[in-house]
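All remarks here apply to the structure that follows.
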Amino acid sequence: MTRERSAPVTAAVLLSGAAFGAAAVFLGAGVVAGSWPRGWAALVCALVLVALGVTGLVAGRRNRTTPQDTGPAPAKNDTGAARGRSSALVAGIVWLLALAAAGTWGVVGADDDDDEDRASDKPAATASPSPSAAKASVVWSVPAAAAQQDEGVGAWALGDTVAQGRIDGLFAYGSADGAVRWSIPAPTREALCGMSQDTEQGIGLVAHGRHEKPCSTLLAVRTSDGKVLWRTSVTGEGLLTRGLAVGGGTAVTSEDGAVRARSSETGVQRWQRVLARGCAVRAVDADATRTLVVEQCGRSARLVALDTRTGAQRWLRELPVESHAVATVVSVSPVILGVHEDDKRGTRAFLGFDDHGTPTVTIPLSGPEGQLSAPGNVGDGRTSRIVVRDGLLVTLAERDRLVPSKVVAYSLEDGRKAWEYGSEQQAAALGAGPDGHVALLEDYRGTRVVLLDPATGRPGRVIEPEHRNDRLSIHPELVAAPDGRYVVLNHIVMHGEPSVFALR
């Protein structure tokens with residue numbers, strides 16, 4: 001090959017190496033990591049692959065210029081050897097450029113990260129958690145029991161036990177080993193259709209119903225051993241499935257045109273509030289002293305506070321609603337509702353009230369932070385527990401993705417954002433962690449739990465398995481057990497994920 005022909009070949013190798021390097025970098029990073037490399041990252045990988053291409057050229061030329069016999073080499077081999085040395089020099093230079101670019105990338109990247117942190121005016125860290133993550137493992141798991149896309153109805157944290165409501169019944173697992181402590185299978189041709197959000201005094205409520213029929217059978221369950229204390233059948237339109245509550249030894253439900261309260265131990269009715277004609281209950285919840293009921297009558301809606309023991313009305317507050325709405329009680333004390341009107345310009349927000357029913361705060365469900373997650377059918381419809389503590393409402397938010405990507409906390413005094421934490425991947429669920437921390441369940445190249453400071457949102461301890469595990473499905477729930485384990489419940493199984501598993 002003449003010198004004139006060798007130059008185009010070398011140029012072709014360099015250009016093809018650069019093109020191949022850029023394509024490989026962008027395709028690999030885009031598919032695997034979900035983001036496109038820019039600047040130094042693309043340059044480093046392109047230079048490395050160019051160097052590989054030139055090195056391959058050097059090796060090929062050396063093979064072609066190696067003498068095939070022991071006789072004297074033709075004079076033209078001297079020229080080939082010179083070209084080989086020239087190509088080797090080019091390869092060495094490109095390798096040095098690649099290494100220099102890699103070093104510069106590392107320094108500049110670190111400086112950029114520092115600059116971003118300094119430039120941020122948020123009180124909470126938005127970067128990834130501390131690298132000093134505690135290595136953990138999946139200590140036990142319960143295989144998927146429901147059919148694909150069957151949706152569970154909830155879960156209870158019961159100390160050293162966690163109970164999961166599936167369509168085939170209520171099942172309690174020991175948080176230490178995952179063994180079934182007790183179970184209440186649903187009757188034949190009936191499915192679990194509702195359960196109270198929490199338990200009180202060791203009693204919770206669940207409800208069953210038949211296919212395409214009202215949710216009409218109510219049961220009170222003793223959570224220590226799974227004993228059914230009583231059951232009753234409801235007529236008419238059945239139970240409001242997200243309106244079962246227990247507070248102070250009283251079971252409160254919305255059923256058949258009324259809000260009824262029974263003894264949680266015996267099922268004996270204590271009081272009822274009959275709805276006016278044309279009215280419907282949108283949400284119910286209760287604690288030991290207060291029962292909250294959201295009623296809609298025509299295009300207007302109101303929040304009613306009742307005495308849980310006697311049913312006496314304490315106060316009534318008209319809500320800023322002028323169209324059909326859905327609602328959920330986020331917290332009974334302090335009083336926080338989630339309201340979502342059909343009117344796109346209507347109320348779609350978390351609403352706070354004081355103990356006398358006076359409005360205190362409004363936090364829109366959508367805004368600069370994106371779409372906030374809310375329980376029930378409010379907001380984006382994603383079932384999500386919200387943490388309310390120390391004057392803050394903490395929830396998940398999505399802005400640039402189809403799934404939540406950060407945690408946001410708002411003040412319940414003025415509605416302003418107090419802090420945010422940005423997840424590198426998917427923020428899947430929130431829970432109450434130990435020592436007042438907010439526990440975040442993340443899908444971060446697998447499943448992990450990050451403990452956030454409730455005052456600042458800064459990440460602390462990270463519970464992350466040593467090996468990648470794809471165990472999260474949609475609508476998971478996180479429960480912190482007293483023994484240091486974190487129990488994850490998948491309420492919808494999509495691809496054979498376990499129904500329940502624990503990390504430690």
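Select from segment 353-398 the residues that are within 21 Å of A455 (Cα to Cα) and of a type in the set (K, R) and write down the one among them that is surrounded by the fewest Cβ atoms within 10 Å (Cβ to Cβ).
R389
Which of (1) buried (at least 18 other Cβ atoms within 10 Å of the Cβ); (2) in contact with a Phe, Trp or Tyr (Cβ under 9 Å, 6 or more places away or on another chain); (3) part of a loop (DSSP other than H, G, I, E, B) does A409 not meet, given it meets every other one?
Looking at each condition in turn, A409 falls short on (3).
Can you name every residue in segment 167-194 that is touching a residue at least 12 places away in the same chain (Cβ under 8 Å), under 25 Å from D483 (Cβ atoms) and not in a loop (DSSP other than H, G, I, E, B)?
Within segment 167-194, L170, F171, A172, Y173, G174, R181, W182, S183, I184 qualify.
Which condition does A288 not pass, out of (1) farther than 24 Å from V387 by Cα; (2) in a loop (DSSP other than H, G, I, E, B); (3) under 33 Å from the mean Cα position of the chain (by Cα); (4) not polar (S, T, N, Q), if it passes all the others?
Of everything listed in (1) farther than 24 Å from V387 by Cα; (2) in a loop (DSSP other than H, G, I, E, B); (3) under 33 Å from the mean Cα position of the chain (by Cα); (4) not polar (S, T, N, Q), A288 misses just condition (1).
Here are some residues: A480, A455. Which one is aliphatic (A, V, I, L, M) and in contact with a helix residue (DSSP H, G or I) (Cβ under 7 Å, 6 or more places away or on another chain)?
A480
I'd like to check something: does segment 474-489 contain any residue that is in a loop (DSSP other than H, G, I, E, B), closer than 12 Å to A428 by Cβ and touching a strand residue (DSSP E or B) at 6+ places or on another chain (Cβ under 6 Å)?
Scanning segment 474-489, I find at least one residue that is in a loop (DSSP other than H, G, I, E, B), closer than 12 Å to A428 by Cβ and touching a strand residue (DSSP E or B) at 6+ places or on another chain (Cβ under 6 Å), so the answer is yes.
Answer yes or no: is there a residue in segment 165-177 that is buried (at least 21 other Cβ atoms within 10 Å of the Cβ) and under 30 Å from D307 (Cβ atoms).
Within segment 165-177, one or more residues are buried (at least 21 other Cβ atoms within 10 Å of the Cβ) and under 30 Å from D307 (Cβ atoms).
For segment 291-316, give me each residue that is part of a strand (DSSP E or B), surrounded by fewer than 18 Cβ atoms within 10 Å (Cβ to Cβ) and not aromatic (F, W, Y).
C297, S300, R302, D307, Q313, R314, L316
Filter segment 444-463 down to the residues that are over 15 Å from A136 (Cα atoms) and not small (G, A, S) and list them by number.
L452, D453, P454, T456, R458, P459, listed by residue number.
In this structure, is R399 in contact with an Asp or Glu (Cβ under 9 Å, 6 or more places away or on another chain), of a type in the set (K, R) and closer than 22 Å to N490 by Cβ?
no
Among (1) without any contact (Cβ under 8 Å) to a residue 24 or more places away in the chain; (2) among the aliphatic types (A, V, I, L, M); (3) over 24 Å from Y410 (Cα atoms), which single condition is A349 missing?
(3)
Got a sec? Which of A432, A455, A418 is in contact with a Ser or Thr (Cβ under 6 Å, 6 or more places away or on another chain), aliphatic (A, V, I, L, M) and either in contact (Cβ under 8 Å) with a residue 12 or more places away in the chain or farther than 23 Å from V330 by Cβ (or both)?
Being in contact with a Ser or Thr (Cβ under 6 Å, 6 or more places away or on another chain), aliphatic (A, V, I, L, M) and either in contact (Cβ under 8 Å) with a residue 12 or more places away in the chain or farther than 23 Å from V330 by Cβ (or both) holds for just one of A432, A455, A418, which is A418.
Return yes when R348 is of a type in the set (K, R) and within 19 Å of P375 (Cβ to Cβ) and no when it is not.
Yes: the conditions hold for R348.
Specify the residue that is farthest from the chain's Cα centre (by Cα); the eligible residues are those in segment 264-285 that are closer than 19 Å to M195 by Cβ and surrounded by 16 or more Cβ atoms within 10 Å (Cβ to Cβ).
The extreme case among them is E265.
Taking only pairs six or more apart or across chains, which ones have beta-carbon atoms under 7 Å, a first residue in segment 234-258 that is in contact (Cβ under 8 Å) with a residue 60 or more places away in the chain, and a second residue that is hydrophobic (A, V, I, L, M, F, W, C) and surrounded by fewer than 17 Cβ atoms within 10 Å (Cβ to Cβ)?
G247/A288; G248/A288
Can you name every residue in segment 147-166 that is in a loop (DSSP other than H, G, I, E, B) and more than 28 Å from G484 (Cβ to Cβ)?
Residues satisfying the conditions are A147, Q148, Q149, D150.
I need every pair where a residue in segment 317-345 that is part of a loop (DSSP other than H, G, I, E, B) has its Cβ under 6 Å from the Cβ of a residue that is crowded, with 22+ Cβ neighbours inside 10 Å, sequence separation at least 6 or different chains.
V321/A301; V332/D285; V332/L292
When segment 388-406 is examined, which residues are found to be in contact with a Pro (Cβ under 8 Å, 6 or more places away or on another chain) and assigned to a strand (DSSP E or B)?
Scanning segment 388-406 gives V388, R389, L392, V394, L396, A397, E398.
All of the numbers you see were taken from the coordinates with simple rules; none came from a lab. Treat the numbers as computed from the prediction; the structure is a model and nothing was measured. Positions of Cβ are generated from backbone atoms using ideal geometry, with glycine treated the same way; all protein chains shown enter the neighbour counts.
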